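Q: One structure is given below, represented as structure tokens, and several questions about it will come after.
A short reminder: the numbers here are calculations on the coordinates, not readings from a lab. Because the structure is a prediction, the values reported are computed rather than measured. Here the Cβ positions follow ideal geometry from the backbone for every residue, glycine too, while neighbour counts run over all protein chains shown.
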Amino acid sequence: MFKFEKDAVFTVDEVTNKIREAIYASGDLQNISVKGELLGFKKHSSGHAYFTVIGAEARISCVLFRSNASSVILWPKDGDEVLVRGRVDVYGARGSYQIYATTLLPLGEGAKARAREILFKQLTAEGLFDIRHKRPLPSFPRKVALITSPTGAAVQDVIKIASIRYPASELLVIPSLMQGAAASSEIKEAFSKCAALQDISLVMLVRGGGSRDDLDTFDSEEVVRAVRSCPVPVITGLGHQIDKTLSDLAADAYAPTPSGAAERVFPDSKELTANLKSSMRSMNAHINKRAAKISSDLTDSKRRLLFSITRGVYIPASEFLNNARSSLSSNITYKLSEAEAKLSSAAGTLNNLSPLSVMSRGFTVCRDAEGNMIKDASSLSEKQRVGIFFRDGKAEAEVISICREN
């Protein structure tokens with residue numbers, strides 16, 4: 001707290017600044033939630049909204065800047081019970097304090113119903129609830145992000161069911177408030193954390209049971225948009241059997257309870273094992289049946305192939321070879337007979353020309369010592385040794401005398 005010096009004189013601006021410093025010094029006033037009755041809600045041409053919240057004996061002026069006013073400009077009416085979140089500051093131009101609001105939420109049933117209906121129509125027009133945008137949940141999730149209160153019963157239910165049904169899946173708990181004024185922003189931040197995680201299969205948004213008023217957080221625009229903009233599939237289990245929230249409508253899948261959501265996310269390993277065994281039996285039976293059919297088909301194909309080969313190839317080839325062999329044998333016999341006749345004729349001619357034939361008629365052949373044939377007497381000399389060849393033998397002789405005829 002500031003102190004005025006005795007007899008000190010301050011300007012208006014100085015007093016205003018000191019009051020502002022006092023407000024800032026109190027951290028509670030920089031992030032405050034105020035409940036009251038709405039009065040005089042007006043939207044300025046600039047896009048900002050101005051209004052007052054009143055209590056039993058006091059009132060506070062509020063301003064909601066354009067960036068935060070777009071989602072609440074239609075539903076507020078005077079008399080609505082509302083919750084204003086923001087910071088308290090001094091508006092020096094009017095010498096008053098006011099709330100610079102970031103969020104304006106309906107608290108009364110009528111206001112909440114109007115706000116929800118207006119937001120539903122707006123988001124429907126944008127396609128956020130279109131079933132064509134729904135993504136299927138993975139059949140076998142490897143890593144699941146769980147956005148919930150770390151101290152609630154819902155987290156224990158999901159962990160228990162996941163460990164029993166599908167322990168192969170990794171479960172990451174992303175803590176967040178599930179109700180109250182700050183829950184919407186924390187859930188939005190939790191989804192931002194999920195988007196930054198690696199290898200996330202899907203996100204679960206769950207909370208335990210409660211009254212319908214406890215689900216107001218999940219009808220807020222920032223939560224609904226966070227659900228729809230998540231890069232992986234989202235399933236909700238908000239613990240309310242009767243009503244669906246806008247977040248349920250935006251999610252890819254919905255279950256009325258956290259346990260129901262967990263049972264949809266995590267497959268039953270026992271059931272999977274039984275299905276696998278059944279599938280293996282069916283597959284083996286199918287394979288055996290198929291193998292038997294293929295074996296039978298192969299046997300028939302082999303029989304038809306052998307028949308086709310025998311009839312279409314082997315028999316014609318055998319007949320062709322038999323005909324070729326018979327033709328070749330006939331040709332060889334003819335050629336041999338023809339050659340034999342030619343050989344006999346040549347042998348006869350050769351025999352007629354042979355010296356042996358002449359010698360058989362009493363003629364002889366005379367050769368000198370070197371084996372040269374002696375054709376006339378003039379080539380002989382006395383006492384020369386010569387050989388006389390008869391048809392059946394040879395005689396050695398010596399020339400005694402030579403008688404030449406003119």
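Q: Quick one: Cys403, Cys230, fewest Cβ neighbours within 10 Å first, how do they rank?
A: Ranking Cys403, Cys230 by Cβ neighbours within 10 Å, fewest first, gives Cys403, Cys230.
Q: Just subtract the alpha-carbon distance of Ile287 and Ser345 from 0.36 nm times their residue separation and send over the number in nm, one decimal.
A: Stretched fully, the Ile287-Ser345 segment lengthens by 12.7 nm.
Q: Separate question: At a threshold of 8 angstrom on Cα-Cα distance, excluding pairs fewer than six apart, so keeping six or more, what relative contact order does segment 137-267 reach in percent?
A: 31 percent
Q: What's the exposure ranking of Leu128, Leu146, Leu137, Leu305, going from fewest to most Cβ atoms within 10 Å?
A: By the 10 Å Cβ count, ascending, the order reads Leu305, Leu137, Leu128, Leu146.
Q: Which pairs, out of Lys143/Lys193; Lys143/Lys244; Lys42/Lys77; Lys43/Lys188; Lys160/Lys193; Lys35/Lys112, put more than 19 Å between their alpha-carbon atoms?
A: Lys143/Lys244; Lys43/Lys188; Lys160/Lys193
Q: May I pose another question? Among Tyr50, Tyr166, rank each residue by its count of other Cβ atoms within 10 Å, from fewest to most, as a rough exposure measure.
A: The order, fewest Cβ neighbours first, is Tyr50, Tyr166.
Q: Still on this model: Enumerate the lysines that Lys394 could reach by cross-link, defined here as Cα to Cα under 21 Å, with residues fewer than 8 away along the same chain left out.
A: List returned: Lys375, Lys383.
Q: Tell me what the chain gives for mean residue ellipticity at 222 nm when only DSSP H runs of n ≥ 4 count, each as -39,500 (n - 2.57), the sum divided by the residue total, rounded to 500 deg cm²/dmol.
A: Helices in the chain give a 222 nm mean residue ellipticity of -13500 deg cm²/dmol.
Q: If you build a Gaussian network model of the chain, linking Cα atoms that sit under 10 Å apart, which residue out of Thr333, Thr124, Thr273 swings the most?
A: Thr333
Q: Ok, one more. How many percent of DSSP beta bridges within the chain run antiparallel, rounded to 5?
A: 65 percent
Q: Another question about this same structure. Over the alpha-carbon set of the chain, work out the extent along each principal axis and list the three values in angstrom, largest first.
A: 196, 61, 42
Q: Follow-up. Of Phe307, Phe389, Phe218, which has the largest mean-square fluctuation in a 10 Å C-alpha GNM of the chain?
A: Judging by the Gaussian network model, the answer is Phe389.
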